[in-house]
1. Kindly indicate whether A:GLN50 is part of a helix (DSSP H, G or I), within 12 Å of chain B (Cβ to nearest Cβ) and in contact with a Pro (Cβ under 8 Å, 6 or more places away or on another chain).
2. Please specify each residue of region A:153-181 satisfying the condition of being within 9 Å of chain B (Cβ to nearest Cβ) and either in contact (Cβ under 8 Å) with a residue 12 or more places away in the chain or under 18 Å from A:SER81 (Cα atoms) (or both).
3. Using the structure shown, decide if B:ARG79 is part of a helix (DSSP H, G or I) and either surrounded by fewer than 17 Cβ atoms within 10 Å (Cβ to Cβ) or more than 10 Å from every other protein chain (Cβ to nearest Cβ) (or both).
4. Would you mind telling me which numbered condition in (1) modelled with pLDDT of 90 or more; (2) assigned to a helix (DSSP H, G or I) A:LEU133 fails?
5. Residues to consider are B:PRO96, B:PRO61; find the one that is assigned to a loop (DSSP other than H, G, I, E, B), surrounded by fewer than 15 Cβ atoms within 10 Å (Cβ to Cβ), of a type outside the set (D, E, K, R) and free of Cβ contacts under 8 Å to residues at least 24 places away in the same chain.
Amino acid sequence: MQLSDRELVQRCQAGEMNAFQDLVSRYHQKVYMVILGLLRNREDALDVAQETFFRAYRKINSFQGDSSFYTWIYRIAVNMSIDAQRRQKRNPLDFRASMDGVLEAQHEVAKDPFGDVHDKELREKLVQAINGLTPEHKAVIVLRTIEGRSYKDIGEILGCSEGTVMSRLHYARKKLQGKLKAFL
Amino acid sequence: MTNCENIRDSIGRWLDGELSAGESEPVRAHVAACPECGEARRQLESLQRALRGVLLTEATPIEFMPFWREVQRRINQKRAWYEDFLDWAREVFTAPRIAWGVPAVIVLLLAAVSLDSYFPGTRFGGSRNSFASVESIDAHGRSVALLRENESKTTVIWLYQNEEGENETGEDSSKSGPTF
């Protein structure tokens with residue numbers, strides 16, 4: 001029988017490392033995808049995802065269960081990604097490495113027969129437009145697009161109201177549409 | 001704001017399933033009837049497809065065991081005290097807290113410095129200071145001075161002098177401006 005997240009967290013708080021391993025196996029792919037969507041660099045995303053679970057383990061005793069485990073772990077992941085993006089912006093070398101990662105990703109995606117977007121130019125423009133968003137706007141776009149989370153869930157993850165999520169999404173989409181007008 | 005503008009602002013929430021049934025129906029009916037709003041819907045759906053295409057397809061699955069071994073290594077690794085301190089500081093000194101905290105600290109410091117004026121016996125900040133302003137009007141005009149006095153000396157920390165008649169005549173003040 002599969003244990004619920006809450007039961008696994010309780011076992012983890014009691015010191016069972018296997019319970020934490022189960023939680024990591026349950027969420028590592030999703031957390032990695034969200035972080036990759038925000039950072040646009042695979043190596044950085046992998047490092048931040050591993051650091052996210054490490055931080056979660058260290059703070060697991062302070063997890064009270066007020067929110068669900070996925071909301072809590074996503075909150076840690078998004079906050080760490082936003083910090084990492086700010087560091088990328090401050091460090092031009094890191095930013096260049098990030099762009100290299102994006103170009104590499106584009107190359108791989110172009111070979112992906114299951115991708116919805118086939119137009120390479122649109123893809124490049126879209127990646128540039130996403131990179132031009134602020135970390136906060138990028139976060140709502142990524143959580144909505146990849147995870148399909150409700151505005152309420154996104155608000156809980158980002159620590160803001162549903163109204164703020166709604167206005168950030170509206171603004172971010174307008175900005176993306178403005179930059180991609182010729183392609184949509 | 002026109003009805004079309006209102007509807008276009010709601011299309012995103014409607015497509016995201018964030019509108020109630022009662023709110024959705026007028027949006028659906030308007031978008032079906034209005035070519036411009038229908039085009040706005042088509043563009044937004046096109047953007048969503050493109051976003052999903054970029055964000056979902058580029059994430060290749062990662063193997064769990066290497067991922068878990070690295071998490072485990074970090075958990076078991078002995079950390080230096082300053083790394084723990086930096087982690088703690090990052091959590092405590094977040095940007096919004098700093099934005100509130102810095103002005104709050106400045107206000108508290110100013111309040112503490114001025115405490116001595118209201119409670120002379122407290123000796124807050126070391127020596128006992130008192131502040132006084134002196135205003136005089138004589139043949140040379142109007143002067144205002146802010147003085148700081150302590151047990152051993154008196155210091156003029158700000159002085160304003162205005163020549164006689166300037167305010168009354170309303171003449172160009174740039175010719176005889178205040179001196180400090």
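The values are calculated or read from the model by the stated rules, or taken from the named source; none is laboratory data. Note that the coordinates shown come from a computational prediction; the quantities given were computed from them, not determined experimentally. Every residue, glycine as well, gets a Cβ built from its backbone with ideal geometry; the counts of neighbours run over all protein chains shown.
1. Values: part of a helix (DSSP H, G or I): yes; within 12 Å of chain B (Cβ to nearest Cβ): yes; in contact with a Pro (Cβ under 8 Å, 6 or more places away or on another chain): no.
Answer is no for this residue.
2. A:MET166, A:LEU169, A:ARG173, A:LEU176, A:LEU180
3. Details: part of a helix (DSSP H, G or I): no; either surrounded by fewer than 17 Cβ atoms within 10 Å (Cβ to Cβ) or more than 10 Å from every other protein chain (Cβ to nearest Cβ) (or both): yes.
The answer is no for B:ARG79.
4. Only one criterion is unmet by A:LEU133, namely (2).
5. On the way: B:PRO96 fails: assigned to a loop (DSSP other than H, G, I, E, B).
Sole residue among the options that is assigned to a loop (DSSP other than H, G, I, E, B), surrounded by fewer than 15 Cβ atoms within 10 Å (Cβ to Cβ), of a type outside the set (D, E, K, R) and free of Cβ contacts under 8 Å to residues at least 24 places away in the same chain: B:PRO61.
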